[in-house]
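Structure first, then comments.
The values are calculated or read from the model by the stated rules, or taken from the named source; none is laboratory data. These numbers were taken from a predicted model, which means no experiment stands behind them. Using ideal geometry, Cβ is built from the backbone for each residue, glycine included, and neighbour counts are taken over all protein chains shown. Protein only, heavy atoms only, side chains kept; ligands, DNA and RNA dropped before computing areas. Shrake-Rupley method; radii C 1.70, N 1.55, O 1.52, S 1.80 Å.
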Amino acid sequence: MSRPDGELIATVVRLQVQSSPLKGRPAGSGPYDPGPLLEVAALEVGPTGCTGLTGGPAPRRVIDVHSAEHPQSRQVRGVNGLSVLPTAHYAALRQRYGPHLVDGVAGENLLLECGPLTVADLSGTLLLEADQGVLELTGALAAAPCVEFTQFVLGRKPGDTGPEVLAGLDDLDHGVRGFYLRVAGTGTVRAGARLLRSCAPDREATGPR
């Protein structure tokens with residue numbers, strides 16, 4: 001596969017799925033639990049969400065909870081099927097809130113090795129390298145923090161919605177805890193894949209649809 005042209009934004013350094021919800025319902029009824037997070041060897045990415053492929057002698061497929069195919073799907077109108085977060089955001093979170101905020105704990109599908117990003121940095125058409133070609137990513141949105149994750153960040157117990165938690169909700173917004181992107185095409189993504197800004201805004205994805 002030829003490598004696509006474009007402005008390099010980031011490189012994928014970790015792939016993961018949420019095998020089940022990290023928080024209960026209704027909102028605020030329980031703690032944020034990162035236990036169901038699973039790092040995977042590869043990620044099948046498509047318009048309906050993500051499925052992880054584990055490594056080892058007996059690989060298996062694990063559907064992400066934000067996929068439309070998951071029995072407990074937390075997908076919202078196709079908006080949150082793929083999430084990304086830069087390593088620089090984790091570094092800033094650890095500096096401010098503590099070492100418990102290890103890479104991956106926020107639940108993103110793709111951990112990106114790069115500096116800080118904003119929605120504006122991810123606007124337009126992006127290209128993500130995959131085994132089968134190139135996937136187009138568009139419609140970047142900031143992943144708004146939930147009360148449970150904010151309590152986890154601050155070390156607060158479930159039910160605490162005091163001023164510090166409310167302030168934390170604002171502090172963790174605007175892309176601090178990651179972004180959602182819409183996917184055109186389907187493909188298998190692995191660590192080392194590059195995320196680029198397309199040099200041709202109207203270019204169609206070369207990956208299979």
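Centroid-to-centroid, using Cα positions, region 1-68 and region 90-159 are 12 Å apart.
Per residue of the chain, what 222 nm ellipticity follows from adding -39500 (n - 2.57) for every DSSP H run with n ≥ 4, rounded to the nearest 500?
-4000 deg cm²/dmol
Rolling a 1.4 Å probe over the heavy atoms of the protein chains gives region 92-209 an accessible area of 45 Å² per residue. Within the listed set 154, 111, 128, the Gaussian network model of the chain (springs between alpha-carbon atoms below 10 Å) gives the highest mean-square fluctuation for 154.
Excluding residue 161 itself, calculate the net charge of residues whose Cβ lies under 14 Å from the Cβ of residue 161, where each Lys or Arg counts +1 and each Asp or Glu counts -1. Overall, the nearby charge balance is -2. For region 101-205, which trypsin sites (Lys or Arg not before Pro) pass both filters: DSSP loop (anything but H, G, I, E, B) and at most 10 other C-beta atoms within 10 Å? When the trypsin sites (Lys or Arg not before Pro) of region 101-205 are filtered for loop state and at most 10 Cβ neighbours within 10 Å, nothing remains.
The H on the amide N of residue 134, modeled in the peptide plane, is under 5 Å from the matching H of 206, 207, each at least 5 residues off or on a different chain. With all protein chains kept in place, the per residue accessible area of region 2-73 amounts to 50 square angstrom at a probe of 1.4 angstrom.
Simple spin-label estimate for residue 38 and residue 113 gives 2.6 nm between the two label positions (7 Å along the Cα-to-Cβ direction from each Cα).
Annotation: the antiparallel percentage among DSSP beta bridges lying fully within region 68-175 is about 60. Stretching residue 96 away from residue 144 to a fully extended chain increases their span by 15.4 nm, per 0.36 nm per residue minus the current alpha-carbon distance. Near residue 124, the amide H atoms lying under 5 Å from its own belong to 139, 140; only residues 5 or more places off or on other chains count, and H is placed 1.01 Å from N. Whole-percent P(r), region 12-157, all Cα pairs, 5 Å bins from 0: 2, 9, 17, 23, 22, 16, 9, 3, 0, 0.
Mind ordering 57-66, 133-142 by average Cβ neighbours within 10 Å, highest first?
On the way: 57-66: 15.9, 133-142: 20.0.
So the peptides 57-66, 133-142, ranked by packing, come out 133-142, 57-66.
Computed over all pairs of different Cα atoms, the Kirkwood value for the hydrodynamic radius of region 97-209 is 15.8 Å.
Among the protein heavy atoms of the chain, carbon and sulfur supply 53% of the accessible surface, probe 1.4 Å, non-protein parts ignored.
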